[in-house]
């Protein structure tokens, strides 16, 4: 079977990780703008000041800070998301390079904080809307379809400190107001939308917190439910504004294997995927919580108030396609390390797969796992359209004389993963596209490093923001260009 001529070959970028210009043209700060760099297996934190002057810190992705507090920028501290790769001022050059590669699609985020920097009360920021229209016009010039992610940890930071984040149901209406602006203002340019990026990250962050209390459990599940309801309402709104809109909600694809054939390990792996992946994709695709959700709530001692209106919205706001990320797989035993599962760093023997190689950051490379994931989801959802969003390898690239980057390791990684999904398509999987992470070097979300590079396009900037910000084509640039031209790899 040959991939469809409409197959969405492309890549991904994220506003907070690539744009820079964190306080320009009316944009308000987001939580990521306050995150200091981390390291391998060491998460990033944002500092805040309480009303009494006490300084505290919040974990990345948590979306939490005490009510009435204020996020702060510390002196003599580097904040890499402030400058990132400066796509904000280089977007025409960058999109031209993507057009040269022959991209069919680009998954990008529209920053909530650029569009509605001060919420509903503050109204629309025209400079933000005009900026993204300019970006979309450039994409259209090169026949690149935008796949717009509406939420990727980039809501205005005051929603966290003043509203209490996603635990406040009022945020649903704020989010929908932002979505409505996007659906109306960008409808001439955008057909594919993603409501939330890796919506299951909150659950994984909770499990990675050794000090989590029952109160933390309750809040996290309330936030997750509110996000799922918000997503379903956004799907309905998108369809109402433009029936041609196709809308998905993305899950983080941390797929697992049993550590051994011990039945306890098999059941532990099954349970992990139910608790952290499938519960979300079940709601997104099927429109209701699965039966095992009751078990999960009981285990976390959580009680949710799910109204009949919520149930109706979930059912009527089912997605049109299921996007998911895939970087690595993990092994699970009856006694697994949740931290290793979350970070991908296989320091624990419980999670390490002896059959796989690892990257410099400890992520195990498993192209066959992508085929496993695709066939699992395809079978579970009866051929529902799937989209691979985010798949890539972070590495330290060397810019050599002549501005050349030899990155055969990146070519090898993507070649093997493309072969894997082509096999899955040949066996009947309904895959509509592949957008790899990330086509242009940017800030790593997990560590805040720029030296951890993913792109086919090298950006001359280091972790401290030093460099020319010039763009250079890596060897992988030319390789991926040929892949797109040939519509895939010929499998022997």
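What follows is calculated from the coordinates using simple rules that are stated; it is not laboratory data. Here the structure is a predicted model, which is why all the values come from computation and not from measurement. A quick note on method: Cβ atoms are made from the backbone with ideal geometry, for glycine too, and the neighbour counts reach across all protein chains shown.
Full-extension gain between residue 55 and residue 298, please, as 0.36 nm times their residue separation minus the C-alpha to C-alpha distance.
Details: separation 243, 0.36 × 243 = 87.48 nm, distance 3.48 nm.
84.0 nm is the gain from fully extending residue 55 to residue 298.
In nanometres, what is the gap between the two model label sites at residue 305 and residue 2, each 7 Å from Cα along Cα-to-Cβ?
5.8 nm
Can you give the Kirkwood hydrodynamic radius for the stretch 5-53, in Å, rounded to one decimal and based on Cα pairs? Don't jump to the answer; show the numbers that get you there.
Details: mean 1/r = 0.0707 Å⁻¹.
Here the Kirkwood hydrodynamic radius works out to 14.2 Å.
Kindly put 476, 28 in sequence by how many other C-beta atoms sit within 10 Å of each C-beta, fewest to most.
Values: 476 28, 28 23.
Neighbour counts put them in this order, fewest first: 28, 476.
Cα-based Rg of the stretch 367-492 per 2.2 N^0.38 Å, rounded to two decimals? Before the final figure, lay out each step's value.
Working: Rg = 16.2 Å, N = 126, 2.2 N^0.38 = 13.8 Å.
Normalised Cα radius of gyration, the stretch 367-492: 1.17.
Going by average Cβ neighbours within 10 Å, how do the peptides 123-133, 216-226 rank, with the highest at the top? If you can, show how the numbers build up before the last one.
Working: 123-133: 17.2, 216-226: 19.9.
Top to bottom by mean Cβ count within 10 Å: 216-226, 123-133.
Decide, for the stretch 64-130, between rounded, prolate and oblate: order the square roots of the alpha carbon gyration tensor eigenvalues as a ≥ b ≥ c, take rounded if a/c falls under 1.5, and otherwise choose prolate if a/b is larger than b/c, else oblate. Don't skip to the answer; put the middle values down first.
Values: a/c = 2.70, a/b = 1.57, b/c = 1.72.
Cα axes put the stretch 64-130 in the oblate bin.
How much length would be gained if the chain were fully extended between residue 475 and residue 134, taking 0.36 nm per residue of separation minus their Cα-Cα distance, in nm to one decimal?
Details: separation 341, 0.36 × 341 = 122.76 nm, distance 2.93 nm.
This chain segment gains 119.8 nm when fully extended.
Roughly what % antiparallel, to the nearest 5, for the DSSP beta bridges in the chain? Before the final figure, lay out the partial values.
Details: 17 of 51 bridges.
Counting DSSP beta bridges with both partners in the chain, the antiparallel share is about 35 percent.
Is the stretch 240-321 rounded, prolate or oblate when judged by the Cα gyration tensor, a ≥ b ≥ c being the square roots of its eigenvalues, rounded requiring a/c under 1.5 and prolate requiring a/b larger than b/c?
Working: a/c = 3.71, a/b = 1.60, b/c = 2.32.
Oblate.
Based on DSSP H runs of at least 4 residues, each adding -39500 (n - 2.57), what is the mean residue ellipticity at 222 nm of the chain after dividing by all its residues, to the nearest 500 deg cm²/dmol? Please report the intermediate quantities before stating the final value.
Details: 17 runs with 185 residues, N = 492.
Calculated from helices alone, the mean residue ellipticity at 222 nm is -11500 deg cm²/dmol.
What is the packing order of peptides 301-310, 33-42, 392-401, taking the mean over residues of other C-beta atoms within 10 Å and listing the highest first?
In decreasing order of mean packing, 301-310, 33-42, 392-401 become 33-42, 392-401, 301-310.
Can you give me the C-alpha center-to-center distance between the stretch 431-492 and the stretch 150-224, rounded to a whole angstrom?
27 Å
Normalized C-alpha radius of gyration of the chain, against 2.2 N^0.38 Å? Before the final figure, lay out the partial values.
Details: Rg = 21.2 Å, N = 492, 2.2 N^0.38 = 23.2 Å.
Here the answer is 0.91, to two decimals.
What's the extension gain from residue 357 to residue 170 if we count 0.36 nm per residue and subtract their Cα-Cα distance?
Working: separation 187, 0.36 × 187 = 67.32 nm, distance 4.58 nm.
Result: 62.7 nm gained on full extension.
From the square roots a ≥ b ≥ c of the eigenvalues of the alpha-carbon gyration tensor of the stretch 1-142, which class results: rounded (a/c under 1.5), prolate (a/b over b/c), or oblate? Mind dumping the intermediate values first?
On the way: a/c = 2.39, a/b = 1.77, b/c = 1.36.
Here the stretch 1-142 falls in the prolate category.
Considering only C-alpha atoms, what is the centroid distance from the stretch 1-57 to the stretch 350-369, in Å?
So the two Cα centres are separated by 26 Å.
For an R0 of 51 angstrom, estimate the FRET efficiency from the Cβ-Cβ distance between residue 240 and residue 400 and round to the nearest 0.05. Before the final figure, lay out each step's value.
Values: r = 53 Å, r/R0 = 1.04.
It comes out at approximately 0.45.
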